[in-house]
Amino acid sequence: MTLEPIDVIGLLRNYGLRPNKRLGQNFLQDESTLQKIAAIAGIQCQDTVLEIGPGLGGLTRHLALAARQVVAVELDESLFPALRAVLAPYANVRLIHADILKLRPADLVAAPDYLVVANIPYYITSALLRHLLAQSPEGAQSPQGAKSPRPRRLVLTVQEEVAERICAGSGKMSLLALSVQVYGQAEVAVRIPAGAFYPAPTVNSAVVSINIYPEPIISYPLLEPFFRLAKAGFGQKRKKIRNALSAIMPREKAEQILLAAEIDPQRRAETLSLKEWGKLSEQ
């Protein structure tokens, strides 16, 4: 079904609104791109979609056409009159005024294997990814003992440079890439020019699709040492990995565990693969 494009400028004018720079508001107004994002999500008719930052509802409409339910969480209460008007024809959309970083997604979405689709404010990208992906054995359980629902896929619009960092391979790894790729397979699905937004940001954007693994690549008991080692390694990424790890352990111990994991202590953090970080965590 083809939808008429939303008149972003007209909506803002009619409701006396201005894009809020502090909240990173750049409204995606290119209709073909909105259609692509909904298609990338691979929504089935029985799916529940969690949308973060619906803005003026441009993407929400496309999600609502494909999904059983859309739960849209918006921080800016001033947008709600316009948002409700745009989404009035869609009875399967539930709007929530809240800060997503202060909510447990599992408390919002009861359906298993839900989807997260969002044009997110760029300044919360790293924090939001941690919030959506990080789990522990305890956090994976509800108070009643049943397993809490978790997303099967994240489809997020982020800065193009950040998208490339998230999806980087060995030789160009970063703490952000490790933090995502330990939980799911990430790829850049489509690139979006700045002109597709109003107001146009100063950078281009890209849509990252992250298919979540049933379990993290690094086992739950090893996640704590994995992240502790990775943070130390990338905290001084210009240094050789042996010297960077000396921030959290004696240098001799760092060299010992590196050699035991068959990793040259002279290498730098960005050259280690996810598999090698896993071997290092085991040590």
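Laboratory data are not the source of any read-out in this text; all were calculated from the coordinates shown. All of these numbers come straight from a predicted model, not from anything done at the bench. Neighbour counts are summed over all protein chains in view; Cβ atoms, including those assigned to glycine, are modelled from backbone coordinates with ideal geometry.
Quick notes on this structure:
- Net charge of the neighbourhood of GLU4, taken over other residues with C-beta under 14 Å away and scored Lys/Arg +1, Asp/Glu -1, is -2.
- Across the chain, the longest run free of exposed loop sites, meaning GluC sites (Glu not before Pro) lying outside DSSP classes H, G, I, E and B with no more than 16 other Cβ atoms within 10 Å, spans 1-137.
- Reported label for calculated Rg and Dmax of the Cα atoms in Å given (1) 18.2, 57; (2) 20.7, 66; (3) 19.1, 58: (2)
- Along the chain, longest interval not containing exposed trypsin sites (Lys or Arg not before Pro), exposed being DSSP loop plus at most 16 other Cβ atoms within 10 Å: 69-171
- With θ taken as phi - 60° and the Karplus curve 6.51 cos²θ - 1.76 cosθ + 1.60 applied, the whole-hertz 3J(HN,Hα) list for the range 233-244 is x, 8, x, 9, 5, 6, 8, 5, 4, 4, 6, 5 Hz, x standing for glycine and proline.
- Amide hydrogen neighbours beyond the local backbone of SER205, cut-off 5 Å, H modeled: GLU160, ILE192, ALA194
- Rounded to 0.05, the FRET efficiency of the LEU259 and ASN211 pair, given R0 = 30 Å and the Cβ-Cβ distance, is 0.30.
- Projecting the Cα atoms of LEU65, LEU128, PRO81 onto the charge dipole of the chain, computed from C-beta unit charges around the Cα centre, puts LEU128 farthest toward the positive end.
- Evaluating 6.51 cos²θ - 1.76 cosθ + 1.60 at θ = phi - 60° for every residue in the range 270-278, the Karplus couplings come out as 5, 8, 7, 7, 4, 4, 5, 4, x Hz, glycine and proline recorded as x.
- Rough spin-label spacing in nm, given labels placed 7 Å along Cα→Cβ, for HIS131 and ARG267: 3.4
- Surrounding net charge for ARG242, when Lys and Arg each add one and Asp and Glu each subtract one, Cβ distance under 12 Å: +3
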